[in-house]
1. Return the inverse of the average 1/r over all pairs of distinct C-alpha atoms in region 32-133, which is the Kirkwood hydrodynamic radius, in Å to one decimal.
2. What order do you get for 54-61, 35-42, 102-109 when each peptide is scored by the mean count of other beta carbon atoms within 10 Å, highest first?
3. Run the numbers for R59 and W116: contour at 0.36 nm per residue of separation, minus the present Cα-Cα distance, in nm.
4. Between L34 and V123, how many nm apart are label points set 7 Å from Cα along the C-beta direction?
5. Please rank W116, W48, W96, fewest neighbouring Cβ atoms within 10 Å first, as an exposure proxy.
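Every number in this text was worked out from the coordinates using simple rules, so none of it is lab data. No experiment lies behind these values; they were computed from the predicted model shown. Cβ sites come from the backbone with ideal geometry, for glycine too, and all protein chains shown count toward neighbours.
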Amino acid sequence: MIERLPLSADPRGGEEIGAIYDLGTLGEKLDLGLRLLLVIGPAEELFWRGLVQKRLIGRYGRLAGALLGTAAYGGAHIVTGNVTLIGAASVAGAFWGGLHALGAPMGALIVSHAVWDVLTFLVAPIAPPSSGS
C-alpha cells in the first residue's frame, strides 16, 4: 500500500522516484554511501534542525518553530520540481523536526537521518510498483 502512495498522489510519482534513484548512478555505491552517512545526513541535521529550527523555536515557540522548520526543509526541495521528493522530504523533515522539538539529542537525529539516507537510497530503495501491479 505505502509503495503506491506517491503514484496515487501524483501520476508521475513512479517517474519521479526513478529520477531520484538515477542519481545513484553518478558514482560508486561505496563512495555515495560514505557521503550520505558521513556528510549529507549529518550536514542536513546540523543545518536544518541544529540551526534553522533551533532559531525558529527560540523566536516562535516549540510548535510554531517546528512547523516552520518543516515547511522550510520541505520548501527547500521545491527547486527540484519533483513533487514526490518534496512530499517525502516534508514528511521526513516533520519526523526529525518533531523529535528535535521534543528534545531528542542532535547525535540521535544525525544517526537516524544518515542511516535512513543510506537505507532508502542504497540498501532498500523504495521502488514504484511494477506496471503489472
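1. 14.2 Å
2. Answer by packing, highest mean first, reads 35-42, 54-61, 102-109.
3. Residue separation times 0.36 nm, minus the Cα-Cα distance, leaves 17.6 nm.
4. Placing both labels 7 Å beyond Cα along the Cβ direction yields 1.9 nm.
5. So the residues, fewest neighbours to most, are W116, W48, W96.
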